[in-house]
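To keep things clear, I will list the structure first and then write my remarks on it.
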Amino acid sequence: MGRVNNQPMDGLPTELVLAAAQRLRVGGVVAFPTETVYGLGADALNPVAVAEVYELKGRPTANPLIVHVSGPEMARTAVSAWPDAADRLARAFWPGPLSLVLPKHDRVPAQVTARGPSVAVRCPDHPVALALLFEFAGPIVGPSANLSGQVSPTTSAHVRESFDEARVMVLDGGPCRAGIESTVVSLLALAGGGRPRILRPGVIGAEQLSEVLGAPVDPPASPAAPVGNGAALSPGLLGRHYAPRTPVVLFDEPQWPTVLDQVNRPVVVLARRARHLPDLRHAGRLITMPAEPEAYAARLYAALREADAAGAAVILVERPPPPEAGPVWHAIADRLNRAAARADD
């Protein structure tokens, strides 16, 4: 693994990346940008550092972490098997928002995988994240840099709302362009003649994966089955997740009259239907969401944070198009459904 050069990356001084890598080497925690969301990074092979990430987030120990790598070569150091399907998917989608679940290598601490036998690995598509990985020269865990279950961060300012700079060094790489977490696909069943399965939807969908593999890819199971010890196979499968403090309620097109009747209440409405927006603007509690799925995804978490800060009694969110509209809408719906779930779901 090579040392990064001395040129700044997207306005971030190289010296900060060098300092961040050194902080990881001594067991510290660094928040870093990716194309999806900001990650809370620590040395993936240091169990004490990994435990610090769980403690900082207040994350359930049954919820595993994704291991970030600089590419297939580093990924092979974290897994005990690297099938041809993994190689094909990595060539097609890495760096990018795709995590591959494979049998873990013994060198990966049990805390990383929630004591399960598999590990999720991915190569992020962000110059700062890649520079950090190359400089550190080892795998880095990187769950979203927020308190467990809350809205994921897509800017460095979001990260600083949750963590003290004394405990978490923050690398500012600007807003995350994808805005929602990676697709997670399990390749575990391949060893027994089974098919890959999506565990968490993201911007890369089953059709794209199937095209690369030349074979079907199964959609997410509902509900997702845990591994034998009760641990989840993938992050992002908790019932309530990605959630603001303010209750979120989703509504459909026929419910617009009811929504319009509530605009004088302390509510915030997230909407994309242009024909209804003039009726809402006078309320001053409208967040206009993009009509295109990629732009909507990039805006979603920041919009939920803005709505949460408004002090409303409820956040009303227009339900996105159905999963059949494409993988990005499917992923957006997954995040919104979890954000709207009750705490005991």
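The values are calculated or read from the model by the stated rules, or taken from the named source; none is laboratory data. Every value quoted in this text rests on a predicted model; they were computed, and no experiment measured them. Cβ placement follows ideal geometry from the backbone for every residue including glycine, while neighbour counts extend to all protein chains displayed. Ligands, DNA and RNA are excluded from the accessible area calculation, which covers all protein heavy atoms including side chains. Shrake-Rupley method; radii C 1.70, N 1.55, O 1.52, S 1.80 Å.
So, R0 is 45 Å and r is the distance between the beta-carbons of residue 288 and residue 207; what FRET efficiency does that work out to, to 0.05?
0.90
Using 0.36 nm per residue and subtracting the Cα-Cα separation, the extra length available between residue 177 and residue 51 on full extension is 42.5 nm.
Using a 1.4 Å probe on the protein heavy atoms, what percent of the accessible area of region 1-137 belongs to carbon and sulfur?
Values: 2640 of 5050 Å².
Here it works out to 52 percent.
In this Cβ point-charge picture (+1 for Lys and Arg, -1 for Asp and Glu), the chain has a dipole of about 400 debye about its Cα centre. Scanning residues 5 or more positions from residue 233 or on other chains, those with amide H under 5 Å from its amide H are 227, with H placed 1.01 Å from N in the peptide plane. Solvent-accessible surface of the chain, taken per residue with a 1.4 Å probe and all protein chains present: 41 Å². Applied to region 48-63, the Karplus parametrisation 6.51 cos²θ - 1.76 cosθ + 1.60 on θ = phi - 60° returns per-residue 3J(HN,Hα) values of 5, 5, 5, 4, 5, 4, 4, 5, 4, 7, x, 8, x, 5, 8, 9 Hz, with x for Gly and Pro. Karplus-based coupling profile of region 300-315, in residue order and whole Hz: 4, 5, 5, 5, 5, 5, 4, 5, 5, 6, 6, x, 7, 7, 7, 10, with θ = phi - 60° in 6.51 cos²θ - 1.76 cosθ + 1.60 and x standing for Gly or Pro.
Would you kindly calculate the mean projected area, averaged across all directions, of the convex hull enclosing the Cα atoms of region 1-141, in square nanometres? Intermediate results must be reported in sequence, preceding the final value.
Working: hull surface 31.2 nm².
Taking a quarter of the hull surface, the average projection is 7.8 nm².
For residue 144, nonlocal amide neighbours, meaning residues 5 or more places apart or on other chains whose placed amide H falls under 5 Å from its own, are 40. Take each peptide in 37-43, 335-341, 289-295, count the other Cβ atoms within 10 Å of every residue, and average; sorted highest first, the result is 37-43, 335-341, 289-295.
Please give the length that would be gained between residue 160 and residue 84 if that part of the chain were fully extended, namely 0.36 nm times their separation in residues minus their C-alpha to C-alpha distance (nm, one decimal). Can you show the working numbers first?
Numbers: separation 76, 0.36 × 76 = 27.36 nm, distance 4.05 nm.
Here the answer is 23.3 nm.
Rg of the Cα atoms in the chain, relative to 2.2 N^0.38 Å, amounts to 0.98. With no solvent and one equal point scatterer per Cα, compute the Debye intensity ratio I(q)/I(0) for region 104-237 at 0.10 Å⁻¹ and report its log10, rounded to two decimals. Once normalised to I(0) and log-transformed, intensities are -0.40. The HN-Hα couplings worked out from phi for region 140-146 by the Karplus form 6.51 cos²θ - 1.76 cosθ + 1.60 (θ = phi - 60°) are 10, 5, x, x, 4, 7, 8 Hz, whole numbers, x standing for Gly and Pro. Close amide H partners of residue 267, meaning residues 5 or more places away or on another chain with modelled amide H under 5 Å apart, are 313. Mean residue ellipticity, 222 nm, helices only, the chain: the sum of -39500 (n - 2.57) across DSSP H runs of n ≥ 4, divided by residue count and rounded to 500, is -8500 deg cm²/dmol. For region 291-345, list log₁₀ I(q)/I(0) at each q in 0.23, 0.28 Å⁻¹, using the Debye formula over Cα point scatterers of equal strength and ignoring solvent, two decimals each. The Debye formula, applied to the Cα set alone, gives -0.97, -1.22.
Largest first and in whole Å, what are the equivalent-ellipsoid semi-axes of region 59-121 based on the Cα gyration tensor, each being the root of 5 times an eigenvalue? All intermediate terms of the calculation are to be shown ahead of the outcome.
Numbers: eigenvalues 82, 31, 17 Å².
Result for region 59-121: semi-axes of 20, 12, 9 Å.
Once fully extended, how much extra length lies between residue 324 and residue 107, figured as 0.36 nm per residue of separation less the alpha-carbon to alpha-carbon distance?
Values: separation 217, 0.36 × 217 = 78.12 nm, distance 4.05 nm.
Result: 74.1 nm gained on full extension.
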